Amino acid sequence: MTFLSSDLRFALRRLRRAPLFTAFAVITLSLAIGIVTAAYSLVRTGLQMDLGLDNADRLVIVAKTSPMNGNLYPVQISWPDYQDVVAQSNALEAVAAWTTFTNALVVGGTSEFANGELVSGNYFTTIGLRPLRGRLIETADDQPGATPVVVLSASAWRSRFARDPSAVGSIVKISGRAFEVIGIVPETFRGLQGRGGFGQPDAWVPLSAAPMLATRWTRQDPNRRDQPWLTLAGHLVSGQARADANSELRRIADRIDAVAPLPNLSLSAGGSVPQKREWNALGADERVSLTEARDIFRVVLMLPALVLIVACTNLGNFALSRGLARQSEFGVRLAIGASRWQLIREQLIEYAIVAALGGLGGLFVADRLLAFVAATVRGLLGNVPQYRIDVHIDGAVILAVGVAALLSLLVAGLIPAMQLTRRSLRQSMSSDAVAAPLQRWRGRSNLIALQLSVSVALLLVSALCVRQLPKLGQQMKSGTTLDRVALVNVPFLNQTMDEPAVRRTISAHLDALRALPGVAAAAASSDRRFAELVDIAPDGRPIAGPATGGPTTRRLSVSATYFPTVGLSIVAGRSFDDRDTEGSERVVIMNETQARSLFGTPNAVGRQVTVRGWRNQERETATLTVIGVAADTRSSRTTRESVETTLYVPLTQRFEEFVSIEMLARAADGIDPAALATLSRDALRRVNPDVAVAFVGRADAVDLGPRVVLRYFTLAFGSLAFLALGFAMSGLYGVLSHVVASRTRELGVRAALGADPARLVRLVLKDGSRPVIEGVILGFGLAAGARVGMQPWFTEPVTAIDPVALVIALVPLVTAAALACYLPARRAARVDPNVALRHL
C-alpha cells in the first residue's frame with residue numbers, strides 16, 4: 001500500500017503541474033462519457049425487457065398469433081372467458097387478470113395523466129412480486145364495497161412524492177375518486193403489458209374499481225363474451241412446461257368457440273371473416289419483436305459511442321505526446337532500478353484519476369442531457385403518459401459509466417504507457433530518443449484521420465438536414481398563425497365526466513381565458529391531429545363511401561370564435577355565431593379546396609352536403625347547409641405539400657366525444673404564447689382541479705411532421721459533429737505541436753542551410769494536411785451511406801453532390817483544420833538555428 005500511496009501523490013503532483021491538460025482531459029471525458037451514458041439510458045429504458053420478477057420463467061400470458069408477422073402478442077378476452085380459463089385450467093395454478101387505463105391522477109392538488117392497470121386481487125401473488133414499501137393489492141381489496149386502494153410505481157413515488165415515506169397511507173384522487181396509497185412496487189417492475197421502458201404503469205388499482213374509472217367510451221358489460229377487455233397471466237404448476245399450458249389453452253379456446261362463438265369480424269372493404277379464440281401461452285420473459293425499435297436504438301447508441309472513441313483516441317495521442325517528452329526520464333529511472341511495470345503503473349494511476357473525474361462529470365452531463373430529452377419530448381408530445389420518458393441514474397447506468405471510464409483508461413492510459421516503456425534502456429537515454437517516435441507519425445495520423453471521418457460524416461448529414469429545413473418551412477405554411485396561439489389539450493375522453501359536465505367545463509374555461517390579460521381571442525376545438533374522417537356527398541346525392549371510391553374529408557368541431565383565434569380567414573359567407581345552437585339548422589363551413597372539389601367553385605354558400613360519420617358509437621348521416629368558406633390549410637404530417645379538405649361544424653351542434661379538446665387562446669402583441677399557455681392551464685385547474693391536461697404550449701408545437709423530426713436530427717447530428725470535430729482538431733493540434741517540438745533540430749538545420757520560413761511552414765502543413773484529407777474522403781463515404789438511409793425524410797431525391805451542403809460542412813472543418821495546422825507551423829518557422837544547433 002505504501003508504493004500505491006506514493007504513486008498516487010506523484011500522479012496528483014503531475015496533474016497539478018499541467019492544469020490545462022488536466023482540465024481538457026476531464027472535460028473531454030465528461031462530455032463523451034455523459035453523451036454515451038445518456039444514450040445508453042434511453043436505449044436501456046426503451047428496450048427494457050427484464051420484468052424484475054424472480055419467477056418470470058414460470059409465468060405465461062394468454063396470447064394470439066399475429067397474422068402480420070407470426071409473432072405472439074397478448075390478447076384481451078372477456079370476463080366470462082376469464083372465468084372459464086380459471087375453472088378449466090390444470091396447467092396453471094393461478095390465473096390473474098388485468099386491463100389498462102389512462103386517467104387523471106391528482107396528488108397534492110396537481111392533476112396529471114397517469115397510465116394504470118386494473119388488476120385482479122391475486123395479480124401480485126401470481127407474479128410473485130414483493131413490495132418496496134407498504135403492501136400490494138390482495139383478494140380482499142378486489143371486492144365490491146371494499147375501500148378503494150392504489151399501489152404506485154417507484155417512478156410515480158419518486159416524481160410525485162419525492163420518495164417521501166409518508167406517501168404510503170396518503171390519499172390521491174384518480175379521475176375525481178379518492179384512493180388510499182397502500183404500497184410502492186420496486187423500481188425494476190414496469191408491468192407485464194408492454195415490457196418496455198416507455199409508457200410504464202404509474203398505478204395499480206383493484207379490478208373491482210373498473211366502474212369508478214371507466215370513461216364514456218371504455219365502459220364494458222362484464223357479462224358479454226363479445227366484449228374483450230382483460231389480459232391474463234398464469235403461473236405454471238410445478239412439473240408443467242410452457243408447452244403444456246399452450247396445449248391446454250388451445251383446448252379451452254376450442255371448447256368455448258364451440259358453445260359461444262365470437263361474432264364475425266367486419267372488413268373495411270365489405271364482407272366479414274370468422275373469429276376464433278386460438279389462444280397460446282406466451283412466456284412473460286420472452287422478448288417481444290422490436291426489430292425497428294432496436295435499429296433506431298442502435299443508431300442512438302452508435303453515434304455517441306463513436307464520439308467516445310474519438311475522445312479516447314484523442315487523449316491517447318496526447319498521452320503519447322506527453323510521454324515522449326519523458327523518454328530520458330524513463331531511461332534514467334530504468335537505469336537506477338525501476339521496473340517497466342512501475343512506470344506503467346504510475347501512468348495508469350495518473351490516467352485513472354482523470355478517468356474517475358471524467359466519469360463523475362459524465363454522470364452529471366448524462367443527468368442534464370436526460371432531463372433535456374424528457375423536457376423536449378414533453379414539449380413536443382405533451383404530458384401523455386404513453387410518451388413520457390422517465391429515465392434516471394441507477395446502478396446499471398453507473399456501471400455503464402464505469403465501463404466507459406475503463407475504456408478511456410485503456411485507450412488513453414494503458415496503451416500509450418505500454419508503447420512508451422517498451423524501448424530499450426539505451427534507446428531511452430539516447431539523445432535521439434525523442435526523434436525516434438517520429439517514425440510512428442503515420443500510425444497516429446491514421447487515428448486522427450479516423451476521428452475526422454466521423455465528424456465529417458456527421459457534419460455532412462446535419463448539413464443535408466439544414467438544406468431541407470427551408471424547403472419544409474415553405475411547404476408547412478398551414479394557412480394559420482398558430483405560432484401566436486397558446487394551447488391546452490384536454491383529453492376529456494380519458495376522464496370520468498359526462499357530456500354535460502364537459503360542456504360546462506369548456507364554457508367556464510373559455511370565460512376564464514377571455515378574462516386573462518393578454519388574450520386577444522379564445523376558442524375550443526376538437527383535436528386537429530386526430531380529426532374524424534367522414535364520407536361526404538354534395539346536394540343530397542347518395543354517399544358512395546371509401547369502399548367504392550367515394551370522397552372523404554376531415555371534420556372538426558369548433559366554437560364560434562375559432563377562426564379569428566387561429567388566424568384563419570373566412571373568404572365567403574359568415575362564421576359561426578349565437579344563431580348556431582343545438583336545436584337550430586345544422587350548418588357547416590368548408591375550406592376552398594373542399595368547395596371546389598364538391599361544387600366546382602369556391603363560393604359554395606347556401607349549398608348542402610350530406611355527411612356520414614360516427615356519433616355515440618353509431619353511424620349517423622346528416623344534411624348540412626354551407627354558411628361559409630374558409631381559407632385552405634396544409635398538412636404538417638407529410639414532407640410534400642398537401643392541402644387538407646376540411647369541414648368545420650359548430651361545437652354546439654356536434655360534440656366530439658372520442659377526441660381531445662383543444663383550448664386555444666390567441667396572444668396579444670408582446671405576449672409570449674408559451675407563457676400564456678401556462679396561465680390557461682392554471683385557469684382550467686381553478687375551473688376544475690380534477691381535470692388533467694395532455695399538452696401545454698404553443699399550438700404550432702404539436703405539429704409532429706418531418707420538419708420537427710429534421711430539426712432535432714439536425715440538432716443531434718450537428719452537436720455530435722462539432723463535438724467530434726473539436727476533439728479531432730485538438731488532437732491534431734496537440735500531436736503536430738509535439739512533432740514540431742521533436743523536429744526542432746531538423747528544422748534548425750534546414751533554416752541554417754537556407755530554408756526560408758515559408759518553406760518550413762509548408763513542410764509542417766504537408767504533414768498536418770494528410771490526415772485531414774484522408775478523413776474527409778472517408779467521411780464522404782460514411783455520409784453517403786447515411787444519406788441513403790435518410791432519403792425518405794427528404795422532399796426530393798438527394799443528389800450525389802450537394803454544393804451548398806458541402807460548403808456548410810466543410811467551412812467549419814477547413815477553418816478548424818487550418819488553425820490546428822497553422823499554429824504549430826508558425827512555431828516551426830520561428831525556430832532559431834543557433835538554438836536548434838547548439839546541442840548537435
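Of all the residues in the stretch 83-117, those that are open to solvent by 10 Å² or more (accessible area, probe 1.4 Å) and within 30 Å of Ser159 (Cβ to Cβ) number 11. Just one of (1) assigned to a loop (DSSP other than H, G, I, E, B); (2) within 15 Å of Phe492 (Cβ to Cβ) fails for Gly670. It is (2).
Every residue, every condition in (1) in contact with an Asp or Glu (Cβ under 8 Å, 6 or more places away or on another chain); (2) open to solvent by less than 30 Å² (accessible area, probe 1.4 Å); (3) not in a strand (DSSP E or B), yes or no:
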residue: Leu487; (1), (2), (3): yes, yes, no
residue: Pro500; (1), (2), (3): no, no, yes
residue: Asp511; (1), (2), (3): no, no, yes
residue: Pro542; (1), (2), (3): no, no, yes
residue: Ser557; (1), (2), (3): yes, yes, no
residue: Ala572; (1), (2), (3): no, yes, no
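State yes or no: is Leu778 open to solvent by 80 Å² or more (accessible area, probe 1.4 Å) and at pLDDT 65 or above? Taking the combined requirement at face value, the residue satisfies it.
Of all the listed residues (Ile353, Ile448), the sole one being at pLDDT below 75 and β-branched (Val, Ile, Thr) is Ile448.
Consider the stretch 126-144 and keep the residues that are open to solvent by 50 Å² or more (accessible area, probe 1.4 Å) and out of contact with any strand residue (DSSP E or B) (no Cβ under 7 Å at 6 or more places or on another chain). The one that is farthest from Ala178 (Cα to Cα) is Arg130. Among the residues of the stretch 518-530, is any open to solvent by 10 Å² or more (accessible area, probe 1.4 Å), at pLDDT 90 or above and part of a loop (DSSP other than H, G, I, E, B)? Yes: the stretch 518-530 contains one or more residues that are open to solvent by 10 Å² or more (accessible area, probe 1.4 Å), at pLDDT 90 or above and part of a loop (DSSP other than H, G, I, E, B).
Here Thr147 fulfils each of the conditions (1) among the hydroxyl-bearing types (Ser, Thr, Tyr); (2) open to solvent by less than 20 Å² (accessible area, probe 1.4 Å); (3) touching a helix residue (DSSP H, G or I) at 6+ places or on another chain (Cβ under 8 Å) apart from (2). Condition check: touching a Lys or Arg at 6+ places or on another chain (Cβ under 7 Å) and not hydrophobic (A, V, I, L, M, F, W, C). Does Asp81 satisfy that? Answer is yes for this residue.
Within the stretch 591-607, the set of residues being in contact with a Ser or Thr (Cβ under 8 Å, 6 or more places away or on another chain) and either open to solvent by less than 20 Å² (accessible area, probe 1.4 Å) or under 16 Å from Thr553 (Cα atoms) (or both) comprises Asn591, Thr593, Gln594, Ala595, Ser597.
The values are calculated or read from the model by the stated rules, or taken from the named source; none is laboratory data. Not measured: the values here are computed from a predicted model. Cβ coordinates were reconstructed from backbone atoms using ideal geometry, including for glycine residues, and neighbour counts include every protein chain displayed. Surface areas here come from the heavy atoms of the whole protein model, side chains and all, with no ligands, DNA or RNA. Shrake-Rupley method; radii C 1.70, N 1.55, O 1.52, S 1.80 Å.
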